[in-house]
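Questions regarding the structure given below will be posed in turn.
The values are calculated or read from the model by the stated rules, or taken from the named source; none is laboratory data. Predicted model, so just to flag it, every value in this text is computed and none were measured. Heads up, the Cβs are rebuilt from the backbone with ideal geometry, glycines too, and the neighbour counts pull from every protein chain shown.
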Amino acid sequence: MRFLPAGDLAVSVELGEEISVEVNARVRALEYLIQQKGLAGVVEMVPTFCALLVYYDPREVGYDALCGAIAELAPQASTAVLPPARLVELPCCYEDPELGFDLEAAARRLGLAVRELARLHSGAEYLVYFIGFTPGLPYMTGMPEQIHIPRLETPRTKTPPGSVSIGGTQCCVYSVESPGGFWVLGRTPLRLYDPEAPDPILLRPGDRVRFRPIGRAEFDRILAQVEARAYAPVIA
Amino acid sequence: MIRILDPGPQTTVQDLGRVGQLRYGVPPSGPMDRFAFVLANRLVGNSDGAAALECTLIGPRIEAEAPCAIAVTGADMPLSVNGAEAPRWATLALKAGDVVKLGPARSGVRGYIAVSGGLDVPLVMGSRATYLRGRLGGVGGRALRRDDRLRPFPAVPPRARRVAARAIPDYGGEPTLRVVLGPQADRFTKEGVGALLGGSYEMLPQSDRMGARLRGPRIAHRRGHDIISDGIALGSIQVPGDGQPIVLLVDRQSTGGYTKLATVCSFDIGRIGQVRPGQSLRFRALTVDEAHGLSRESDAVLDAVFREETA
């Protein structure tokens, strides 16, 4: 474990140097423990793959005291302390090339049939490592090895929100229109970030996610419900 | 109510920002120059975090539709009420129908206009601050437009006060910003660190509330410029492959995969927010302990300016 100062208001706590479910679970568990213990001076935290960025108020706690208190909690930081994860279902339309505009090219690149790629992608269960970069965007793992794929050589400048996409060993869903280097396989009609909703963010770090394949007609139906604020996401 | 007659290039509602939403990818937002923002609020008798306006390079023209008090601080934007010059860094009592105009900034970038009572816009994720890229907070998540009307919360008329001339910041020259090295200082060569701490860096025009893009001596990496994505603190100096630093500010992305050489101290963030495109700046390194000492001092300076002027 390493403590790296990030200015006078934050410290980065590094728990490993690799992207793995195990290291990330420790990061999220450490965040949870710090929150549960109500460590003095902690203002907010950002979990990522293998580090936890802890923002603090130096008027309430000094750097050494804070690092010491975190170091004491770290040995207990394991999956066992985390509350049960939520399972969130994201309906996803793979079948319409207007929405999943890279599906065919990705299938070709992987040497798979288009339907097989969609089946493999929707058959897996994903874990949200963390939310970041843009509001509500999940960094997810859990892709079957057959569909690991290098990122796009030329990132596109605009990817529509809701785009369900893959790159490297990861899967992500764009939350706002943004540039991107991932292959877009389909689109969910749900909003991962909705600034006008009472609770604007759909997914949380540690959530499990499943994609339910839907046809274009159902996509349009759910989209209309989402727009009318009449759709309740399926969360178990 | 106050009515916007002309918004200027970018005028937004800000408060002291959102806390606790970075883990969902939502940045704090809030004023780029906290010192000037807080003083504007104190001059009209508001709490430090009351919602007020931040304008950029050129101020707005606004009309008071009811009597209220305002204070204008920050960038040196010529201020007039009904065409007559009026003092900045001071409480101004307005009558219904008074028209306030802030012109183009002669120095600095961000001007602040606080209204007694504070602006009554909805709380979104715990804050009234506008986050433009996320279309969140303020007035519909956007910059103000002509004919927008903003209602302040009811307030008793504040006592008229003024900040002494010697306490008003000078936004010109080549400021030196204090930084703490890290989190990834070990990913740069000795010469790379020396470039940042020894060189002069120019503010580029594409800088905004998300980040200040700078141009100056190239900062060399060791072992590449990519890291496993991690959290980005306020003031992080990110250095991509081109070796040119970007200081990440109040509307920053919450996480990212570029190496971060150093982090600008909280008490100097406001100073970056006032550096104009083409103006240059320098960096100097402190230890965390030194930074904490100076952070206590900067709180005391803010309180002293206030006490002195109310006496």
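Which one of these is within 14 Å of chain A (Cβ to nearest Cβ), touching a residue at least 12 places away in the same chain (Cβ under 8 Å) and within 11 Å of the chain's Cα centre (by Cα): B:GLY20, B:GLY30, B:GLY25?
B:GLY30
So the check is Cβ under 8 Å with 6+ separation or different chains; which pairs have a first residue in region B:111-128 that's touching a residue at least 60 places away in the same chain (Cβ under 8 Å) and a second one that's among the basic types (Lys, Arg) and crowded, with 23+ Cβ neighbours inside 10 Å?
Filtered contacts from region B:111-128: B:LEU119/B:ARG128; B:VAL121/B:ARG128; B:MET125/B:ARG18; B:GLY126/B:ARG18; B:SER127/B:ARG18.
Looking only at region A:21-49, which residues are of a type in the set (Val, Ile, Thr) and more than 8 Å from chain B (Cβ to nearest Cβ)?
A:VAL21, A:VAL23, A:VAL27, A:ILE34, A:VAL42
If you don't mind, there's one more thing I want to ask. Does any residue in region B:84-107 that is among the aromatic types (Phe, Trp, Tyr) come within less than 9 Å, Cβ to Cβ, of a residue that is assigned to a loop (DSSP other than H, G, I, E, B) six or more places away or on a different chain, and which pairs are these?
As it stands, the answer is B:TRP89/B:VAL163; B:TRP89/B:ALA164; B:TRP89/B:ILE168, since those pairs meet every condition given.
Conditions first: (1) surrounded by 14 or more Cβ atoms within 10 Å (Cβ to Cβ); (2) within 14 Å of chain B (Cβ to nearest Cβ). A:ARG156 passes all but one, so which condition is the exception?
It fails just one condition, (2).
Quick check on region A:160-173: of everything there that is part of a strand (DSSP E or B) and of a type outside the set (A, V, I, L, M), which residue is nearest to the chain's Cα centre (by Cα)?
Here the residue is A:CYS172.
Moving on to the next point. Can you tell me which residue among A:LEU73, A:LEU52, A:LEU4 is out of contact with any Cys (no Cβ under 9 Å at 6 or more places or on another chain), more than 11 Å from chain B (Cβ to nearest Cβ) and not hydroxyl-bearing (Ser, Thr, Tyr)?
A:LEU73
So is A:VAL27 assigned to a helix (DSSP H, G or I), crowded, with 22+ Cβ neighbours inside 10 Å, on the phi < 0 side of the Ramachandran plot and among the hydrophobic types (A, V, I, L, M, F, W, C) or not?
Here the answer is yes, as A:VAL27 does meet what is asked.
Next question, about the same structure. Quick check on region B:110-133: of everything there that is surrounded by fewer than 24 Cβ atoms within 10 Å (Cβ to Cβ) and within 27 Å of B:PRO277 (Cα to Cα), which residue is nearest to the chain's Cα centre (by Cα)?
Result: B:LEU132.
Here's another thing I want to ask about it. Mind checking which residues of region B:22-42 are within 30 Å of A:LEU192 (Cα to Cα) and among the hydrophobic types (A, V, I, L, M, F, W, C)? Write out each step before concluding.
Applying the first criterion (within 30 Å of A:LEU192 (Cα to Cα)) to region B:22-42 yields B:22-32.
Within region B:22-42, B:LEU22, B:VAL26, B:MET32 meet the criteria.
May I ask you to say which residue of A:LEU185, A:LEU127, A:LEU117, A:LEU190 is away from every other protein chain (no Cβ under 12 Å), over 19 Å from A:TYR94 (Cβ atoms) and modelled with pLDDT of 95 or more?
A:LEU127 is the lone residue from the list that is away from every other protein chain (no Cβ under 12 Å), over 19 Å from A:TYR94 (Cβ atoms) and modelled with pLDDT of 95 or more.
Wholly within region B:220-311, which strands (runs of 3 or more DSSP E) include no fewer than the required count, namely at least 1 residues that are more than 14 Å from chain A (Cβ to nearest Cβ)?
So the answer is B:246-248, B:280-286.
May I pose another question? If you go through region B:164-217, how many residues are assigned to a loop (DSSP other than H, G, I, E, B) and β-branched (Val, Ile, Thr)?
2
B:GLY8 - would you say it is within 14 Å of chain A (Cβ to nearest Cβ) and either assigned to a loop (DSSP other than H, G, I, E, B) or modelled with pLDDT of 95 or more (or both)?
It is false that B:GLY8 is within 14 Å of chain A (Cβ to nearest Cβ) and either assigned to a loop (DSSP other than H, G, I, E, B) or modelled with pLDDT of 95 or more (or both).
Next question. From the set of residues in region B:47-69 that are free of Cβ contacts under 8 Å to residues at least 60 places away in the same chain and crowded, with 24+ Cβ neighbours inside 10 Å, which is nearest to the chain's Cα centre (by Cα)?
Filtering first and then ranking leaves B:GLU54.
Tell me, please, whether a residue that is part of a loop (DSSP other than H, G, I, E, B), in contact with a Lys or Arg (Cβ under 8 Å, 6 or more places away or on another chain), within 14 Å of chain B (Cβ to nearest Cβ) and surrounded by fewer than 20 Cβ atoms within 10 Å (Cβ to Cβ) can be found in region A:13-20. Can you show your working first?
Residues of region A:13-20 part of a loop (DSSP other than H, G, I, E, B): A:15-20.
Okay, now just the ones that are also in contact with a Lys or Arg (Cβ under 8 Å, 6 or more places away or on another chain), so A:15-16.
Remaining after also requiring within 14 Å of chain B (Cβ to nearest Cβ): A:15-16.
Cutting the leftovers down to surrounded by fewer than 20 Cβ atoms within 10 Å (Cβ to Cβ) gives us A:16.
Yes, region A:13-20 contains at least one residue that is part of a loop (DSSP other than H, G, I, E, B), in contact with a Lys or Arg (Cβ under 8 Å, 6 or more places away or on another chain), within 14 Å of chain B (Cβ to nearest Cβ) and surrounded by fewer than 20 Cβ atoms within 10 Å (Cβ to Cβ).
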